[in-house]
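Before any comments, here is the structure.
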Amino acid sequence: MTPLAAVLLGCMAGATAVALPAVSSPRILQRTTETVRIEQLDESLLPTGDRRLIFIGDIHGCKDKLLELLDDAEYNQETDHIVAVGDIVNKGPDTLGVIDYLMSQNASSVRGNHEERIVPLAEAANITEAYDNPNSSPEAIAQALSPAQLSYLQSFPHILRIGTNLPTFRGETIVAHAGLVPGLALEAQVPDSVMNMRALDTQTLEVSNARAEAGSLENHWFVVWDEHQFWYSLTSWVRKLLGKDKAAPRATVIYGHDSRLGLQLGSYHRGLDTRCSAGGYLTALVVSDGGAKEAIVTVDCPNYEEQVAES
Ligand SMILES: [Mn+2]
């Protein structure tokens, strides 16, 4: 054996032990028995010719800023398609306005933890209190939703598969509100984890919605995710041989949910929650040129949460 081959084999053995542990199921955040809902974006919406995909971070009821952002991105409703990463509702000044606008554009979104809060409240339809401001609380929003607005929110899947042929993203392109557990088939992902995770245990792959401890970056879920995708790409022929490629596709995840960390642009992840409702900014990731090019567009936001609290 040549020294190089020995080194490569050594790496592969290490890769198998470190990066591809057997995953039964993530144990934290599993509060429901609901199965994960996965949808595939219609192929006709993929970026070809002038057609672009515009991914937008957590909007949280900030309709004015959404419109300003789309204006800055030169959004063309004839050719472009909007994909929100979830949490379009709550916190900001005009949740119903955001829902109406995204509906009018046939925009896609995945379900975030805030939709997960509103939808069951509205489905139960047993809120008796009268609210002056429909944006003042999740209960007030749930009560104010029209049947069409509710059914739009209900339609959001937990996971939206975008496609496998967007050259700017490595592997498949997938949207999930908080994140995905590596090494686990999409069908085996747990909805509560997909909508809430922030930290992930490197060894056990358990997830938590708590933020990774300060200074311990390795526990952010997306760092662990990236490590796994890297090894997937190095061991792809082995995985193919073992028939494992289908179980856990190599993928880039576009997500939101972690406003404290802000914009994250990594090898296999794009984190777009930039704290729009609380004095941060709102972010769009614009994919053009047949999926070969991506650009970030942002608009600054006032602190709506304070304004809503005062009103
Ligand atoms: Mn969230």
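FYI, it's all coordinate maths here, none of it is from the lab. For clarity, every value in this text was computed on a predicted model and none was experimentally measured. Virtual Cβ from ideal backbone geometry, glycine too; neighbours counted across all protein chains shown.
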Checklist entry - If you add up the charges near Arg111, with Lys and Arg at +1 and Asp and Glu at -1, over every other residue whose beta carbon is less than 12 angstrom from its beta carbon, what do you get? => result -4
Checklist outcome for this item: Residue-ordered couplings for the range 51-64, obtained by feeding phi - 60° into the Karplus form 6.51 cos²θ - 1.76 cosθ + 1.60 and rounding to whole Hz (Gly and Pro as x), are 5, 10, 10, 10, 8, 10, x, 3, 8, 6, x, 9, 5, 4
Checklist outcome for this item: Residue-ordered couplings for the range 252-267, obtained by feeding phi - 60° into the Karplus form 6.51 cos²θ - 1.76 cosθ + 1.60 and rounding to whole Hz (Gly and Pro as x), are 9, 9, 9, 8, x, 6, 10, 5, 5, 7, x, 4, 10, 10, x, 4
Checklist outcome for this item: So, with points 7 Å from each Cα along the Cβ direction, the Ile296-Ser267 label distance in nm works out to 1.9
Checklist entry - HN-Hα J couplings of the range 140-149 from phi, Karplus 6.51/-1.76/1.60, θ = phi - 60°, integer Hz, Gly and Pro as x? => result 5, 5, 4, 5, 7, 5, 7, x, 5, 5
Checklist entry - If you take the charge dipole of the range 127-213 about its Cα centre, with +1 on Lys and Arg Cβ and -1 on Asp and Glu Cβ, which of Pro134, Gly183, Thr204 is farthest toward its positive end? => result Gly183
Next on the checklist: Between Gln307 and Asp100, what is the label-point separation in nm under the 7 Å Cα-to-beta-carbon projection?
Outcome noted: 1.7
Checklist outcome for this item: Residues meeting the amide H criterion for His269 (H placed from the backbone, H to H distance under 5 Å, 5 or more places apart or on another chain) are Val253
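Mind ranking 81-91, 182-192, 127-137 by how tightly packed they are, going by the mean number of other C-beta atoms within 10 angstrom, highest first?
Numbers: 81-91: 25.8, 182-192: 19.5, 127-137: 12.5.
Per-residue mean Cβ counts within 10 Å order the peptides as 81-91, 182-192, 127-137.
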Next on the checklist: If neighbour count is taken as other Cβ atoms inside 10 Å, put Glu68, Glu43, Glu34, Glu116 in order from fewest to most.
Outcome noted: Glu43, Glu34, Glu68, Glu116
Checklist outcome for this item: By the Kirkwood definition, with r running over pairs of different Cα atoms, the range 95-183 has a hydrodynamic radius in Å of 14.7
Checklist entry - Ranked by Cβ crowding within 10 angstrom, fewest neighbours first, how are Cys301, Cys62 ordered? => result Cys301, Cys62
Checklist entry - When we measure straight from the Cα of Lys65, which aspartates and glutamates land under 17 angstrom away, once same-chain ones fewer than 8 places off are left out? => result Glu74, Asp87, Asp94, Asp100, Asp273, Asp300, Glu305, Glu306
